[in-house]
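Working notes for the structure below.
The values are calculated or read from the model by the stated rules, or taken from the named source; none is laboratory data. Nothing here was measured: the structure is a model prediction, and the numbers come from that model. So basically every Cβ, Gly included, is an ideal-geometry build from the backbone, and we count neighbours across all protein chains shown.
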Amino acid sequence: MVTSGKALKKPPHRGGFSSKAFHWVNYLVLALCAYATLFPFVNIIAVSFSSSRAINAAEVFMWPIEFNMNAYVNLLKDGQLLVAMKNTALITLVGTALNMLFTIMAAYPLSKSRLRGRNFMLMAILFTMLFSGGLIPNFLLINSLGLVNTYWALWLPALISAYNMFVMKSFLEGLPDELEESAQIDGAGDATILWKIVLPLSKPVIAALTLFYAVGWWNSYMNVLIYIRNTDKLSLMVKLHQMIALVSPDMLRSGEGLMQTVITPEGIRAAAVVIAITPILCVYPFLQKHFIKGVLLGSVKG
Amino acid sequence: MNQHATLDAKLPESKREPSRRLFWKQVSRNRFLYMLLVPVAAYLLLFKYAPMAGEIIAFKNYRLADGIWGSPWVGFEQFGKLFSSKDFYAVLRNTLLLNLYHLIFAFPVPILLAILLNEVRIEWYKRTLQNLLYIPHFLSWIVLGSIVIALLSPSTGFVSFLMKGLGLEPIYFMADKFWWPVTFIASGIWKEAGFGTILYLAAMASIDPTLFEAAKMDGANKLRQIWHVTLPGIRSTIAILLILQVGRMMDVGFEQVYALRNPAVTSVAEVISTYVYTRGIVNLQYSYTTALGLFQSLIALILIVSVNRIIKALGERGLW
């Protein structure tokens with residue numbers, strides 16, 4: 001746009017003025033995007049450590065004002081959030097383990113093109129991605145199996161994510177056949193081959209899928225809301241939502257929630273949010289290289 | 001059998017055998033693989049296909065005491081009730097509108113963001129930005145919704161503090177019928193725009209670098225390079241994701257709405273998924289809400305199948 005005529009004779013080198021300006025603006029814009037993405041988290045952390053006077057005056061920006069940890073002390077004393085956290089840890093651990101077991105059990109055989117009936121199974125799984133039984137029939141099924149109020153109601157219907165299964169399958173298809181063939185010649189059975197050769201080679205995809213499943217379980221909300229009735233068995237997110245969205249002081253002021261008598265103070269709600277995101281933020285740095293791989297694997301064939 | 005299996009593994013397949021024997025031999029040779037698939041098939045039948053069959057209660061007047069088989073058939077009565085209710089058109093409109101806003105305002109954001117990220121030459125800066133932008137994707141809507149509500153609170157939120165500072169009257173965003181959808185879309189961008197760049201960045205990385213060199217030689221500045229090289233390079237990725245998005249027009253995620261809504265904005269915030277939950281699970285109108293769910297699933301199925309046809313007709317690789 002700026003120097004097209006001259007540039008034809010003499011190609012602009014990397015350090016041209018317009019190019020430099022472009023880069024600076026670009027870096028600035030992106031830094032602002034990152035700031036906008038992170039600011040809400042910084043703000044809520046700062047609020048959780050501030051005094052209620054400062055919070056009610058809406059003075060808290062990015063740093064705690066009148067630092068104190070009363071909100072956390074109160075939450076820990078109450079203990080409900082800790083129970084919910086323990087429940088969620090259990091849901092996540094068992095759920096993810098079952099997910100990986102069943103995903104591998106489906107993906108490994110289906111990655112073998114020699115297997116008869118393979119296409120039929122693949123179509124059957126693909127169709128579940130396009131059409132599903134819907135909320136109510138699922139609920140009635142779980143109800144008639146007597147699983148309501150047990151964590152099996154969460155785990156069993158979600159044993160395999162069809163999408164993740166396809167990701168795993170396409171990864172396994174990419175492994176060289178020769179490895180298995182030579183193991184076969186050495187007399188290894190199918191189970192040994194899967195355990196000793198295929199799975200160790202699949203570490204990247206296993207890591208990525210474990211991450212996706214585990215984050216899903218940690219964040220699980222809707223199914224817990226539907227299937228778990230005991231207050232002491234609720235997951236972290238349901239507990240959090242009960243504390244936060246249902247009884248907000250704003251609603252009370254605007255006359256929407258007049259029936260509600262308990263109001264959770266802003267500081268305590270902020271502390272609860274911080275407690276809920278801390279585990280994910282703690283493991284995030286170690287896992288970030290895996291999920292990019294996972295997403296890209298999925299896009300190759302989905 | 002076992003001998004056959006080991007023999008077969010060692011020797012190349014003989015084609016002289018009768019096909020039926022060959023079939024059983026193959027099955028037996030792969031019996032470990034089939035053994036793995038048996039629980040998978042059982043899972044699919046019980047937890048995926050049985051609920052599909054359960055959709056027949058949309059044509060019945062289901063009562064828990066009577067069970068699926070004992071409840072009386074009513075034909076299309078539930079659908080008649082549905083299509084003549086005002087609620088249906090309200091939740092359908094809200095669902096489609098929120099999706100339309102998403103398509104217009106949220107869909108292009110990851111493309112823009114990816115273009116900007118792709119121009120960053122300092123590797124550590126780029127990686128850091130990416131990792132920061134991906135974070136909200138891994139947090140639940142309940143958490144993000146709580147933060148949004150706190151931030152926008154007219155009394156204690158930072159945004160209203162800012163507005164007061166600028167001499168503006170604070171707005172109760174979450175209870176306003178205009179601002180609620182805006183907040184809904186903006187929070188969707190906050191959660192997914194960063195993560196959405198991954199596929200675009202991968203597509204950009206596969207663009208032949210000589211194309212950029214050639215464009216530079218021709219005197220194209222950055223903007224022209226982006227317009228003439230980068231964008232065409234990710235065209236098929238954009239097309240597929242756009243069409244997929246259209247295929248999801250009937251679905252607004254339950255959790256995002258549930259985390260952000262409040263009684264003041266029900267008229268714009270009630271979507272199909274939340275309505276099915278409230279009427280079905282909470283108010284026990286099983287058949288009626290199953291009819292709505294079935295209607296939604298069928299439209300979604302038609303959408304996604306036609307979308308796949310379109311992708312293939314355009315010469316791109318289909319979704320299946």
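Against the conditions (1) more than 14 Å from every other protein chain (Cβ to nearest Cβ); (2) at negative phi; (3) assigned to a loop (DSSP other than H, G, I, E, B), A:Leu93 satisfies every one except (3). Any residue in region A:246-263 that is within 23 Å of A:Leu154 (Cβ to Cβ) and modelled with pLDDT under 85? Within region A:246-263, one or more residues are within 23 Å of A:Leu154 (Cβ to Cβ) and modelled with pLDDT under 85.
None of B:Leu112, B:Leu144, B:Leu132, B:Leu117 is within 11 Å of chain A (Cβ to nearest Cβ), touching a Pro at 6+ places or on another chain (Cβ under 9 Å) and under 17 Å from A:Cys33 (Cβ atoms) except B:Leu144. When B:Leu284, B:Leu298 are checked against the criterion of being in the same structural domain as B:Ala239 (by TED's automatic domain parsing) and within 21 Å of the chain's Cα centre (by Cα), a single residue qualifies: B:Leu298.
Hey, could you check region A:96-117 for residues that are in a helix (DSSP H, G or I) and among the polar types (S, T, N, Q) and say which is surrounded by the most Cβ atoms within 10 Å (Cβ to Cβ)? Break it down stepwise before answering.
Just the residues of region A:96-117 that are in a helix (DSSP H, G or I), to begin with: A:96-110.
Adding the requirement that they be among the polar types (S, T, N, Q) leaves A:96, A:99, A:103.
Working: A:Thr96: 21, A:Asn99: 24, A:Thr103: 26.
Here the answer is A:Thr103.
For region B:123-175, enumerate the residues that are outside any helix (DSSP H, G or I) and modelled with pLDDT of 90 or more. Even if it seems obvious, please write down each step before you answer.
In the first step, residues of region B:123-175 are kept if they are outside any helix (DSSP H, G or I); the result is B:139-140, B:153-157, B:166-172.
If the condition is that a residue be outside any helix (DSSP H, G or I) and modelled with pLDDT of 90 or more, then B:Leu139, B:Ser140 are the ones that fit.
For region B:190-213, the tally of residues that are within 22 Å of B:Ser236 (Cα to Cα), in a helix (DSSP H, G or I) and touching a helix residue (DSSP H, G or I) at 6+ places or on another chain (Cβ under 9 Å) stands at 16. From the list A:Ile226, A:Ile160, A:Ile136, the lone residue that is within 12 Å of chain B (Cβ to nearest Cβ) and in a loop (DSSP other than H, G, I, E, B) is A:Ile160.
B:Gly315 satisfies every condition listed in (1) among the small types (Gly, Ala, Ser); (2) more than 10 Å from chain A (Cβ to nearest Cβ); (3) part of a helix (DSSP H, G or I) except (3). Being among the polar types (S, T, N, Q) and more than 9 Å from chain B (Cβ to nearest Cβ) is the filter here; which residues of region A:44-68 pass it? The answer is A:Ser48, A:Ser50, A:Ser51, A:Ser52, A:Asn68. Restricting region B:251-265 to residues that are farther than 17 Å from B:Ala106 by Cβ and buried (at least 17 other Cβ atoms within 10 Å of the Cβ) leaves a set whose member that is farthest from the other protein chains (Cβ to nearest Cβ) is B:Val265.
Only one of these is surrounded by 15 or more Cβ atoms within 10 Å (Cβ to Cβ) and among the hydroxyl-bearing types (Ser, Thr, Tyr): B:Tyr125, B:Tyr89, B:Tyr134. Name it.
The conditions single out B:Tyr134.
In region A:187-213, the residue that is farthest from A:Asn87 (Cα to Cα) out of those that are at the interface with chain B (Cβ under 10 Å from one of its Cβ atoms) and in contact (Cβ under 8 Å) with a residue 60 or more places away in the chain is A:Leu194.
Restricting attention to region B:147-175 and to residues that are facing another protein chain (nearest Cβ under 8 Å) and small (Gly, Ala, Ser), the residue that is nearest to A:Ala270 (Cα to Cα) turns out to be B:Ala150. Of the set (1) crowded, with 22+ Cβ neighbours inside 10 Å; (2) without any contact (Cβ under 8 Å) to a residue 40 or more places away in the chain; (3) more than 9 Å from every other protein chain (Cβ to nearest Cβ), all apply to B:Ala269 but (2).
Just to be sure, is A:Val47 in contact with a Phe, Trp or Tyr (Cβ under 9 Å, 6 or more places away or on another chain), crowded, with 17+ Cβ neighbours inside 10 Å and closer than 26 Å to B:Val148 by Cβ? It is true that A:Val47 is in contact with a Phe, Trp or Tyr (Cβ under 9 Å, 6 or more places away or on another chain), crowded, with 17+ Cβ neighbours inside 10 Å and closer than 26 Å to B:Val148 by Cβ.
Applying the criterion of being of a type in the set (S, T, N, Q) and more than 14 Å from B:Asp251 (Cα to Cα) to the residues of region A:118-135, the residue that is surrounded by the most Cβ atoms within 10 Å (Cβ to Cβ) is A:Thr128. Inside region A:179-223, residues that are crowded, with 16+ Cβ neighbours inside 10 Å, outside any loop (DSSP other than H, G, I, E, B) and not aliphatic (A, V, I, L, M) make up a count of 10.
With respect to B:Gln245, is the statement that it is in contact with a helix residue (DSSP H, G or I) (Cβ under 9 Å, 6 or more places away or on another chain) and within 12 Å of another protein chain (Cβ to nearest Cβ) true? It is false that B:Gln245 is in contact with a helix residue (DSSP H, G or I) (Cβ under 9 Å, 6 or more places away or on another chain) and within 12 Å of another protein chain (Cβ to nearest Cβ). If you go through region A:89-116, how many residues are among the polar types (S, T, N, Q) and modelled with pLDDT of 95 or more? The qualifying residues number 4.
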